[in-house]
Structures are given as C-alpha cells and as structure tokens.
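The values are calculated or read from the model by the stated rules, or taken from the named source; none is laboratory data. Treat the numbers as computed from the prediction; the structure is a model and nothing was measured. Virtual Cβ from ideal backbone geometry, glycine too; neighbours counted across all protein chains shown.
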Amino acid sequence: MTMSLEVEGLRKEFDGRKVLQGVDLRVAPGEVFALVGPSGVGKTTLLRCIDFLLRPEAGVVRFDGREAPNSPPEQLALRRQIGMVAQNPLLFRGSLSYNVSFGLCVRGVEDPELTDRTLVALAAVGLRDLADAKASNLSAGEAQRVAFARAIVVRPEILLLDEFTANLDPANVAQLENAVTAYHRQTGATVLIVTHNLFQAKRIATRAAFLFGGQIVETDDVVTFFTNPKDERTGAFVRGEMPY
Amino acid sequence: MLTVAGDIVGITLLSLLVCGTSTLIATLIAIPLGVTLGLREVGGQRLLRNILFTLYGLPPVLAGLLVFLLLSRSGPLGGLGLLFTPLGMVFAQVVVVTPIILGITMSVVATVERRVKETAFVLGADRWQLSVTVVRQAAAGILTAVMVGFGRAISEVGAVFIVGGHIEGQTQVLTTTIITDISQAAYGHAVALGVILLVIAAVVYSLLYRLQERTMP
Amino acid sequence: MHFRFARRWIALLVAITVALVGVAVYISLPRAYLLLATTTSTRDTGLLPYLLPQFTADTGIVVRYVAVGTGQALDAGRRGDVDVVMVHAPRLEDAFMAAGDGLCRSLVMYNRFVIVGPVADRAGVRTAANATDAFLRIHNASARFESRADNSGTYNKELEIWAASGLNVSAFGGWYEKTNQGMGQTLTIANERDAYTLSDDGTWYSRESTLPYLGLLHARVESILQNQYSVIPVNPDTHPGVKSEQAVAFARWLVGQRGQNLIATFAVNGHTIFTPNGAGAC
C-alpha cells in the first residue's frame, strides 16, 4: 500500500520573513518526485512542514487524501510511515547497528528480526562490515549511507530526501542513488527528493517541480521539465543562469 | 578520650546510607523532571530557572532549619516522628540535593543538540522514547549532575546536624562527628574521619567516572 | 530493545532506592528508646556514656540523647521532640515549669563553675577572694574575656556574677568577646586568644590537656558557682506522644540511690566533679 502526498496552500514564515507563500504540490502514490530550486528558497522548510517538524501558518498536508490527524497517537502512527534523510545527518552516539536499528526498536521490533533487518539495511549501503563500529568515527559519505539505511530499514511508505548527497563524492552519490532506486523498486514507496543537482533529478525522478518565490512555479514530467520548461524562470534555473 | 563518638564503622555506614539514599531519591526525582523541563522549548522557563538557580544557593543549614520545623512534633509533619532519625536526615538532604541535580540536568538536556531530538522524532519515537534517547545522548552530563549531587550530600553537615541531632548510636555521621570532635579538641580523630570521607568520595567518583567514560562518544 | 534497557536500569535504580529507604525506615521508626535532650557541656563531661548503660541494665529502657545548647534543649522539650530534658539553668527551668511544659522537676546533682584564664594572669584572678571579686579584677584590667553569650546555663551564670559585682555588661569594651558557641569551642578560642572565661569544671578537666595556654585560676566552693542539674520529664498533656512513664522512671532512677552513687563515683581525668543532691517531685 503506498500513499499519495498532497500539499495545498502551505504558508510558512519565520520572524515575519515569508518563506512559503502558498505552495501546492501533488505527488502520486509510488512516484519519484524531484523538487528543485535555488538555495534558501524553502525546500527544506517544505519537507519539515510535511514531516511535522514545523507548523505552517496556513495550508494543509494530505496523506492519501486525508489531512494529518490531530491526536498524538494517530499523528505518531502516520509519522512512522514517513522516512526522512537530511543533509549532514546527525548520528546517535553508539554503533552503526544502534543507529540503524533505532527506528525498528522504536516500533517494537525484537530480535532476531531486529538484527536481521539491521544487517540487511547496512549491507544495502555497503556497510555491513562496520556494523559494530562507532558512529562518531565515520566519513561524511559513510555517515550519509548510515542515515539512509536508518531511514529505509523501517520501510516507510513516503520517503523524503533532502539534498542527501550534496556533499559527497561521485562514488558515494552513485551508490546512494542506486540504493534509492532499489528501495523504490522493491517497495513502490512514494519518494520526494529535494535536490539542486539537476542531473540527479533527471536520473532518479519521473516528475519535477520548481519552487521559487515561495510558490511552485512549474510542475512537469522530468523530460519536459529540463528540455522544454514552460516558465521563463524554470528555464533560467535549468540553464544555470540563476545564481545559487 | 571522653565522649569521642565510638563505632567508626557504624558512623561510616550511616553516612553511606543517608547520603546514598538521598542522592538516589534526588536522582529519581530530578532526572525525569529535568528531562521534561529541559525538552520544553517554550518560555515560562525563565521564572523556573531563576527559582532553580536561587535554590542552588540554598544554604544547607537553612534547608535543615526548614525541615526541622517541618518534622518537629509541633510542626505540620510532626505526626511522622521523623525528627532526630536517619530517615529525617535523608529527607533534609533530598531537599538540598534535588535542585542541584535538577538544574544541571535541565541545562545539559536543553543544550543537547536540537537535531538529536529532531532525529529521534523523525525516526518515529514517541515522547518516552525521545526522552530516553536524549538522556542517552546526554548521559555524560547527567552523570556529572549526579556526581555533584552526591558530593553535596556526603560533604553536608548543617542540615544533617540540625535534623539528625547527632545522637550516639542513632544519627551520628562522619561530618557531624568531625564537628563535635573539634569542639572536644580531638583533632586526630577528626582528621581520621575526614580521610574516610575522602576515600568514600574517591571510590564513588571513580565508579561514576568509569560509567561516564562508557557514555562518551 | 534500547528502551527495554532503559526500563531495566530505571527498575534497578528504583529497587535499590526502595531497599535503602526500607533500611532507613527500619532503623528510624518507630522510636524504641527514650530520648533525652541535654547540653553540650553535659556531653563533654562524659557522664552520659557512663550513666545511661547502667540505667538500661537496671530497667531495660534504652536512653539516647541529643546534646545541644541549653536554649534548644528546653525548646525540644517544649516542642515535644524529646521525652525528657536535663539541663543546668535554674532560671530558665523555672520559666519552663511555669509555662506548663514540664511534668515535674527533680534536682539531680551539681558541679562547679570555675574561672580559667591565661597562665600569666595579668588581672590577678588567682588571688581574688571570690568569684565576684575575680570578675571585677578582669573588668578593671580590661583583660580579654570570652563569653558564651548563647542562652546556656553557663552564660546565665556568667551574667549573674557580673550583676553581683555591680557591673553593666552592655557597657563593656572590646575586651569582652562573645563566641555564641558551646563550652568546648569557647575554651578553644580562649586558649588561642589568651583570654579568661567561665567554664564548668567537667568540661575544663576533660579538655585541660588540650589547652596549654590556659590555667585553672579560681576553683572555690561558693554558692554562686554551683552548677545545679535538674531532670524534667516533658508534660504529656501538651504532647501525648511522649514516653512519659519511662521519662519519670529515668528521673526517679537518677534521684534514687543507684543513680546518685554512680554520679558520686564518676571521675573526669581523675577528678570527681559531681556532687549528688537528688531531690524532687518526680
């Protein structure tokens, strides 16, 4: 069962500075959707609004057509179906296994299933040998891979990726992109990936949207988006004429 | 030596019992409270912090006096019969030690990287699980809080003297005995007890420190 | 899994705490002994560890004591925090009885107050005719004097002597120092500061060896220097919880032949300081 993700009229401001000014977005179930835009335009803010980290001033977020519930236990259940990987993720003090198994523990999964799934997830990102290593000693690439394994080990139905390969070398980027694709193929999850790497968007996503000036300026399938954008601003961005 | 307190073993054991129990009780009160308060983002914090910081400076003798008036037969809790008993001394020390552990825990938890809480939240932790995770990440600082709290308890003399009464065979602890030794000029005995105090502190701290080392990243 | 660890740790801590609290409760409640409030001077003579076990052997009643300042000892009786009071401050005891705080009052024994001071004795106390004369000489020489100034029996006696010599304490100069502390501490201070002070002979003899700069200057038998002890069981009408029967038994034992004999034979560093004069209403 995969879920659709819908955002309507979302507004968010910080200390009077309006960041999101009426964002509308529709991600179909099982779709891989890229959200692009210049730095600081509010892509991360949008993701944080979706994942209950921020409360918007106005607007709705809908999961499978239903608005996010208010009661904490229901909200918790919904939250547990969403996974997020951020840029520069924070790993908990402890081993890699501890980090990756965290989401499973939280959901009450016990041994032997707990250890099995943890090791499988670590293997998927090529870190099974480091399962017992301390998380504090990892390189950026390794940390990002752990964060990814940590997010998908619980099989979220919606996966939010926030520039999650931004600081990595090409080898790590490729590995993580393959992991995303593999996960999507296995589970059919709905994936919303924020990136300012246009090539990445082209490689992984099927549809893309351009966030600019607090709103979604254009939404298209990936091919059209990059070769023949409708909006002038999208075109400027895609051609690299817009400063970051 | 006239009236120098007998039974060093008994006195030492009572010190350990009173200080250990009061530190444990204070820990069980202060850590959950400190974590809950430290995790709260909203204001109303300032008034609480001011009260707490004032309580840091609460002189143990004053706490002792207040507990004395509370526990006296003529006082509101007189029916409990706790004045001049070890349990009364524990009560007094809990009053002194809890604000210390609470304050340090609150500070440590509040300054745990916000991202720790967010990461646990995003990974699906409920309130209890989030608290446990924060405590685990802040474990080193929380252990410091406990160490400082125990230090206060074991070195404290005013409150346990006032509330305990330094009764031979009943409520004599190391610190109060040092005081009466001095008033009787039994300085050698007093120093010996002081050495025992230091040894206790050293042993307890080394245990807690070892625990703390295991919590470092 | 992680959270199960947390639960286990917490359960362990709680279990240990409960166990320790249980031990504390066990040794605290209920109070199985008779609780006596007395003064630090009495404690410092060492009489109680000598006397009380004998009482227990004779009657099976265990007695423990809180040694504090006279004021606090009487107040403990007033509050009902102790069962019986034994102090040596007749005027304060009168007020205590008048207020109805005591059930009955029995005289037990007396020792003496003595005047101690620097060995050089600048003020000439050694040759004074009596206590009043000695105090007069100290005043006239403006010699440093340590006063306990703590509402104790000793302090009240000191004031009595100043009054008897016709002097006004509030007009004294800087030579008159107030320690606000017990006899032991006051003697220590007098020793350090080459000062005179009034002490009970019990504390003096027990501390003598630790006070090298002080000497015993005036130790005469005078009625004004008599330090009279009384025992007063607390009035059960105001505090029904006190162990009244046992307190009265204790008072009677002190005043009876056995108690009085023991008191007469008690010695501090070779000096038998107490004269039993038991009599009373208990």
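For the stretch A:1-18, filtering for residues that are surrounded by fewer than 19 Cβ atoms within 10 Å (Cβ to Cβ) and under 15 Å from A:GLY214 (Cβ atoms) leaves 8. Among the residues of the stretch A:187-201, just one is under 12 Å from A:GLY83 (Cα atoms) and part of a loop (DSSP other than H, G, I, E, B), namely A:ALA189.
Please go through the stretch A:90-102 and give me each residue that is among the small types (Gly, Ala, Ser) and either at positive phi or facing chain B (nearest Cβ under 9 Å) (or both), ordered by number. Step through it out loud before you land on a result.
Filtering the stretch A:90-102 down to residues among the small types (Gly, Ala, Ser) leaves A:94-95, A:97, A:101.
Once the filter is applied, which keeps residues that are among the small types (Gly, Ala, Ser) and either at positive phi or facing chain B (nearest Cβ under 9 Å) (or both), the stretch A:90-102 yields only A:GLY94.
Of the residues that make up the stretch C:97-112, is at least one within 14 Å of another protein chain (Cβ to nearest Cβ) and in a strand (DSSP E or B)? Quick ask: steps written out before the conclusion?
Step one: list which residues in the stretch C:97-112 are within 14 Å of another protein chain (Cβ to nearest Cβ), which gives C:99, C:101.
Going one step further and asking which of them are in a strand (DSSP E or B), we end up with none.
Scanning the stretch C:97-112 turns up no residue that is within 14 Å of another protein chain (Cβ to nearest Cβ) and in a strand (DSSP E or B).
All told, C:LEU217 falls short of being of a type in the set (A, V, I, L, M), within 30 Å of C:ALA251 (Cα to Cα) and not assigned by TED's automatic domain parsing to the domain that holds C:LEU103.
Conditions (1) buried (at least 22 other Cβ atoms within 10 Å of the Cβ); (2) of a type in the set (Asp, Glu); (3) over 19 Å from A:ALA189 (Cα atoms); (4) within 14 Å of chain B (Cβ to nearest Cβ), marked per residue:
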residue	(1), (2), (3), (4)
A:GLY65	no, no, no, no
A:ALA68	no, no, no, no
A:PRO72	no, no, yes, yes
A:ALA77	no, no, no, yes
A:ARG80	no, no, no, yes
A:ASN88	no, no, yes, yes
A:LEU104	yes, no, no, yes
A:PRO112	no, no, yes, no
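Mind checking whether some residue in the stretch A:18-38 is at pLDDT 90 or above and either under 26 Å from B:ALA138 (Cβ atoms) or within 14 Å of another protein chain (Cβ to nearest Cβ) (or both)? No, that holds for no residue. With respect to C:ASP94, is the statement that it is assigned to a helix (DSSP H, G or I) and within 14 Å of another protein chain (Cβ to nearest Cβ) true? No; evaluated as a whole, the condition is false for this residue.
Residue count for the stretch B:26-39 under the criterion of being at the interface with chain C (Cβ under 10 Å from one of its Cβ atoms) and farther than 27 Å from C:GLY22 by Cα: the result is 0.
Which ranges mark the strands (runs of 3 or more DSSP E) fully within the stretch C:159-250 that have 3 or more residues being closer than 24 Å to C:MET86 by Cα?
Working: elements: C:176-178, C:196-200, C:214-218, C:226-233.
Here the list reads C:196-200, C:226-233.
Residues of the stretch C:25-48 that are in contact (Cβ under 8 Å) with a residue 60 or more places away in the chain and in a helix (DSSP H, G or I): C:THR40, C:SER41, C:THR42, C:ASP44, C:THR45, C:LEU47.
With respect to (1) of a type outside the set (Asp, Glu); (2) crowded, with 21+ Cβ neighbours inside 10 Å; (3) more than 9 Å from chain B (Cβ to nearest Cβ); (4) free of Cβ contacts under 8 Å to residues at least 24 places away in the same chain, the lone exception for C:GLY22 is condition (2). Candidates C:THR17, C:THR59, C:THR42: the one that is polar (S, T, N, Q) and over 34 Å from the mean Cα position of the chain (by Cα) is C:THR17. Which one is surrounded by the most Cβ atoms within 10 Å (Cβ to Cβ), of the residues in the stretch B:106-129 that are hydrophobic (A, V, I, L, M, F, W, C) and within 9 Å of another protein chain (Cβ to nearest Cβ)? Only one residue tops the list, namely B:LEU123. Residues in the stretch B:72-92 that are in contact with a Gly (Cβ under 9 Å, 6 or more places away or on another chain), modelled with pLDDT of 95 or more and more than 8 Å from every other protein chain (Cβ to nearest Cβ): 2 in all.
Looking at C:ALA134, C:ALA143, can you tell me which residue is in a loop (DSSP other than H, G, I, E, B), buried (at least 20 other Cβ atoms within 10 Å of the Cβ), in contact (Cβ under 8 Å) with a residue 24 or more places away in the chain and not assigned by TED's automatic domain parsing to the domain that holds C:PHE266?
Working: C:ALA134 fails: in a loop (DSSP other than H, G, I, E, B).
Of the residues listed, the single one that is in a loop (DSSP other than H, G, I, E, B), buried (at least 20 other Cβ atoms within 10 Å of the Cβ), in contact (Cβ under 8 Å) with a residue 24 or more places away in the chain and not assigned by TED's automatic domain parsing to the domain that holds C:PHE266 is C:ALA143.
Given C:ALA57, C:ALA67, C:ALA73, C:ALA123, which one is surrounded by 20 or more Cβ atoms within 10 Å (Cβ to Cβ), of a type outside the set (D, E, K, R) and in a helix (DSSP H, G or I)? Reasoning before the result, please.
Numbers: C:ALA57 fails: surrounded by 20 or more Cβ atoms within 10 Å (Cβ to Cβ); C:ALA67 fails: in a helix (DSSP H, G or I); C:ALA123 fails: in a helix (DSSP H, G or I).
None of the other options fit; the residue is C:ALA73.
Among residues that are under 30 Å from B:GLU118 (Cβ atoms), in contact with a Gly (Cβ under 9 Å, 6 or more places away or on another chain), crowded, with 16+ Cβ neighbours inside 10 Å and modelled with pLDDT under 85, B:LEU52 is included.
Residues considered: A:ALA123, A:ALA133, A:ALA171, A:ALA182. Of these, the only one that is surrounded by fewer than 17 Cβ atoms within 10 Å (Cβ to Cβ), within 21 Å of A:PHE33 (Cβ to Cβ), among the small types (Gly, Ala, Ser) and free of Cβ contacts under 8 Å to residues at least 60 places away in the same chain is A:ALA182. Can you pull out the residues in the stretch A:224-244 that are in contact with a helix residue (DSSP H, G or I) (Cβ under 8 Å, 6 or more places away or on another chain) and among the aliphatic types (A, V, I, L, M)? Scanning the stretch A:224-244 gives A:VAL238, A:MET242. Checked against (1) away from chain B (no Cβ under 11 Å); (2) without any contact (Cβ under 8 Å) to a residue 60 or more places away in the chain, A:GLY108 passes all but condition (1).
Of all the numbered requirements in (1) at pLDDT below 95; (2) part of a helix (DSSP H, G or I); (3) within 24 Å of B:ASP126 (Cβ to Cβ), A:GLY108 misses one, and that requirement is (2).
I need the full set of residues from the stretch B:14-25 which are at the interface with another protein chain (Cβ under 10 Å from one of its Cβ atoms) and not β-branched (Val, Ile, Thr), in order please. Step through it out loud before you land on a result.
Start the filter on the stretch B:14-25 by keeping residues that are at the interface with another protein chain (Cβ under 10 Å from one of its Cβ atoms), which leaves B:14, B:16-18, B:20-25.
Listed by number, the residues that qualify are B:LEU14, B:LEU16, B:LEU17, B:GLY20, B:SER22, B:LEU24.
When B:ALA139 is tested against (1) under 23 Å from the mean Cα position of the chain (by Cα); (2) crowded, with 21+ Cβ neighbours inside 10 Å; (3) within 14 Å of chain C (Cβ to nearest Cβ), only condition (2) is not met.
So in the stretch B:161-189, with the set limited to residues that are within 19 Å of the chain's Cα centre (by Cα) and more than 13 Å from chain C (Cβ to nearest Cβ), which one is surrounded by the most Cβ atoms within 10 Å (Cβ to Cβ)? Among those residues, the one meeting the criterion is B:LEU174.
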